[in-house]
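S.K.: Let me give you the structure first, and then I'll get to my questions.
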Amino acid sequence: MTTAVRSRSQPFSPATARRGDAQQLRLSGLVPYALMGTLFGIVLVKSEVVSWYRIQEMFRFESFHMYGVLGSAFFTAFVSLQVLKRLKVRSRTGEPITVPPRSLGKGYRYWIGGSIFGIGWALSGACPGPLFALAGSGVTVYLMTAVTAILGTWTYGYLRPRLPH
Amino acid sequence: MLQWLSHPWPWYVAGPLIGLFVPALLLIGNKQLGVSGSLRALCAAVVPGKVEFFSYDWKGTTAWNLAFVAGIFLGGVIAATVLGVTSPAISAHTRDAIAGLGMGSQVTGLAPVSVFTWKALLTLRGATCVLLGGFLVGFGASYGGGCTSGHGITGLASLQLPSLIAMIAIFVGGLFATFVIMPLIF
């Protein structure tokens, strides 16, 4: 755990990236996240929010299901964050809990990136989390969706210096 | 218990559970719930090429993201094998609209078998939904700085304006795909 704390207390800089810091990758420290992911995947599949059909229903405004899930998830997360903040709770690793603010800038990236993402979400019926849950649940062709999503991410990284943000 | 769990989980059970992942990940290691960071980490780890966006300490900062998505995959396996995959009982209107697009009137499984199979990859529909859809999800999530979980749950719950803008834009994009793109090409 100590290595994990050190890696976070060091502000990110290209220098740390170049050093690689391979020893920071401690598999045992990753187990809690893998477990949380497993539970997350089960909830995503069992609530059907990974379903292409449910996404269609949402964009056609013909069911409350997705709105109910997203709305109550938002509400629970909002109340939890307020409680953590008021009680000044620290994380297991001893750090003060923070959600770093996002910078708005000119906002282009949110408008354009968001719209492109929305088109992809409606077509594929999956956002990044559900992609992996769907592939695991047996709709294996979603592995190809994951591959093209990685290609899309790489393309963004490549074009990034030329895109408005 | 297992029988109850095998039914589709209603929104008022699933939604709060999903919301609780935000404080849980913060408590475990000060991590913000969000999945699209894993795509960037996968790029940094797998795809060669010198691109500044991927030259970062992915092992130190986003390894947890990779563990999380590996877990999501496993969760999908467990959900399907132990609890069983359900076919969503969608509204009759949506079912008719999907049938009208020529994608079949039977709802079996989580995604239409006429599109989301390996064989259908060679059709216009399959390529558009599976391949192009995925590309746009990856490109848009990275460009927009987050996805449904990062913006829609973590970002909105911490009252961030960028996340509200992103969610509005995501919805506009989804409506455009549903009512303009799909009827045109299907």
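The values are calculated or read from the model by the stated rules, or taken from the named source; none is laboratory data. Small disclaimer: the values here were computed from a predicted structure and weren't measured. In this analysis, Cβ positions are derived from the backbone assuming ideal geometry, glycine residues included, and neighbour counts consider all displayed protein chains.
S.K.: Just to be sure, is B:Gly173 buried (at least 24 other Cβ atoms within 10 Å of the Cβ) and at pLDDT 95 or above? Spell out the reasoning first.
M.R.: Details: buried (at least 24 other Cβ atoms within 10 Å of the Cβ): yes; at pLDDT 95 or above: yes.
Yes; evaluated as a whole, the condition is true for this residue.
S.K.: Out of A:Ile150, A:Ile116, A:Ile112, which single residue is free of Cβ contacts under 8 Å to residues at least 40 places away in the same chain, under 22 Å from B:Leu175 (Cβ atoms) and either of a type in the set (A, V, I, L, M) or more than 7 Å from chain B (Cβ to nearest Cβ) (or both)? Break it down into steps so the answer makes sense when it comes.
M.R.: Details: A:Ile150 fails: under 22 Å from B:Leu175 (Cβ atoms); A:Ile112 fails: free of Cβ contacts under 8 Å to residues at least 40 places away in the same chain.
Result of the check over A:Ile150, A:Ile116, A:Ile112: A:Ile116.
S.K.: Given the structure, is B:Ile78 within 7 Å of chain A (Cβ to nearest Cβ) and in contact with a Phe, Trp or Tyr (Cβ under 6 Å, 6 or more places away or on another chain)?
M.R.: Working: within 7 Å of chain A (Cβ to nearest Cβ): yes; in contact with a Phe, Trp or Tyr (Cβ under 6 Å, 6 or more places away or on another chain): no.
The answer is no for B:Ile78.
S.K.: Next question, about the same structure. Report yes if some residue within the range B:138-146 is hydrophobic (A, V, I, L, M, F, W, C), surrounded by fewer than 15 Cβ atoms within 10 Å (Cβ to Cβ) and over 22 Å from A:Leu39 (Cβ atoms); otherwise report no.
M.R.: Here is the first cut: in the range B:138-146, the residues hydrophobic (A, V, I, L, M, F, W, C) are B:139, B:141.
Next, from what is left, pick out any that are surrounded by fewer than 15 Cβ atoms within 10 Å (Cβ to Cβ): none.
There is no residue in the range B:138-146 that is hydrophobic (A, V, I, L, M, F, W, C), surrounded by fewer than 15 Cβ atoms within 10 Å (Cβ to Cβ) and over 22 Å from A:Leu39 (Cβ atoms).
S.K.: Assuming A:Phe40 fulfils every condition listed in (1) among the aromatic types (Phe, Trp, Tyr); (2) touching a residue at least 24 places away in the same chain (Cβ under 8 Å); (3) part of a loop (DSSP other than H, G, I, E, B) apart from one, which condition is it?
M.R.: Failed condition: (3).
S.K.: Quick check: anything in the range B:61-69 of a type in the set (Phe, Trp, Tyr) and more than 24 Å from A:Ser137 (Cβ to Cβ)? Steps first, please.
M.R.: Taking the range B:61-69 first, the residues of a type in the set (Phe, Trp, Tyr) are B:64, B:68.
Filter once more, keeping what is more than 24 Å from A:Ser137 (Cβ to Cβ): none.
So far as the range B:61-69 goes, no, none of its residues is of a type in the set (Phe, Trp, Tyr) and more than 24 Å from A:Ser137 (Cβ to Cβ).
S.K.: In addition: Which of the residues spanning the range A:85-106 are without any contact (Cβ under 8 Å) to a residue 60 or more places away in the chain and in contact with a helix residue (DSSP H, G or I) (Cβ under 6 Å, 6 or more places away or on another chain)? Before you say what the answer is, go through the steps one by one.
M.R.: Initial filter on the range A:85-106 (without any contact (Cβ under 8 Å) to a residue 60 or more places away in the chain): A:85-92, A:96-104, A:106.
Selection gives A:Ser91, A:Arg92, A:Ile97, A:Arg102, A:Leu104.
S.K.: Oh, and also: Take the range B:84-108 and flag every residue that is hydrophobic (A, V, I, L, M, F, W, C), within 21 Å of A:Trp121 (Cβ to Cβ) and more than 7 Å from every other protein chain (Cβ to nearest Cβ). Before you say what the answer is, go through the steps one by one.
M.R.: Going through the range B:84-108, the residues hydrophobic (A, V, I, L, M, F, W, C) turn out to be B:85, B:89-90, B:92, B:97-99, B:101, B:103, B:107.
Filter again for within 21 Å of A:Trp121 (Cβ to Cβ), leaving B:85, B:90, B:97-98, B:101, B:103, B:107.
Selection gives B:Leu101, B:Met103.
S.K.: Could you check how many residues of the range B:4-21 are under 23 Å from A:Ala149 (Cβ atoms) and either β-branched (Val, Ile, Thr) or more than 7 Å from chain A (Cβ to nearest Cβ) (or both)?
M.R.: First, the residues of the range B:4-21 that are under 23 Å from A:Ala149 (Cβ atoms): B:18, B:21.
Cutting the leftovers down to either β-branched (Val, Ile, Thr) or more than 7 Å from chain A (Cβ to nearest Cβ) (or both) gives us B:18.
Qualifying residue count, the range B:4-21: 1.
S.K.: Against the definition (within 7 Å of another protein chain (Cβ to nearest Cβ), farther than 30 Å from B:Thr117 by Cα, within 19 Å of the chain's Cα centre (by Cα) and at pLDDT below 95), how does A:Pro128 come out, yes or no? Outline the logic, then answer.
M.R.: Values: within 7 Å of another protein chain (Cβ to nearest Cβ): yes; farther than 30 Å from B:Thr117 by Cα: no; within 19 Å of the chain's Cα centre (by Cα): yes; at pLDDT below 95: yes.
Answer is no for this residue.
S.K.: Let me ask another. Filter the range A:47-90 down to the residues that are closer than 25 Å to B:Gly104 by Cα, in a helix (DSSP H, G or I), facing chain B (nearest Cβ under 7 Å) and out of contact with any Gly (no Cβ under 9 Å at 6 or more places or on another chain) and list them by number.
M.R.: A:Glu57, A:His65
S.K.: Condition check: buried (at least 16 other Cβ atoms within 10 Å of the Cβ), within 7 Å of chain A (Cβ to nearest Cβ) and within 18 Å of the chain's Cα centre (by Cα). Does B:Ala111 satisfy that?
M.R.: Values: buried (at least 16 other Cβ atoms within 10 Å of the Cβ): yes; within 7 Å of chain A (Cβ to nearest Cβ): yes; within 18 Å of the chain's Cα centre (by Cα): yes.
Yes, satisfied.
S.K.: Does B:Thr117 satisfy being polar (S, T, N, Q) and either more than 8 Å from chain A (Cβ to nearest Cβ) or surrounded by 17 or more Cβ atoms within 10 Å (Cβ to Cβ) (or both)? Steps first, answer last, please.
M.R.: Working: polar (S, T, N, Q): yes; either more than 8 Å from chain A (Cβ to nearest Cβ) or surrounded by 17 or more Cβ atoms within 10 Å (Cβ to Cβ) (or both): no.
Spelling it out, it is not the case that B:Thr117 is polar (S, T, N, Q) and either more than 8 Å from chain A (Cβ to nearest Cβ) or surrounded by 17 or more Cβ atoms within 10 Å (Cβ to Cβ) (or both).
S.K.: Got a sec? Which of B:Ser163, B:Ser142 is in a helix (DSSP H, G or I) and either touching a residue at least 60 places away in the same chain (Cβ under 8 Å) or of a type in the set (Lys, Arg) (or both)? Outline the logic, then answer.
M.R.: Details: B:Ser163 fails: either touching a residue at least 60 places away in the same chain (Cβ under 8 Å) or of a type in the set (Lys, Arg) (or both).
From the options B:Ser163, B:Ser142, the qualifying one is B:Ser142.
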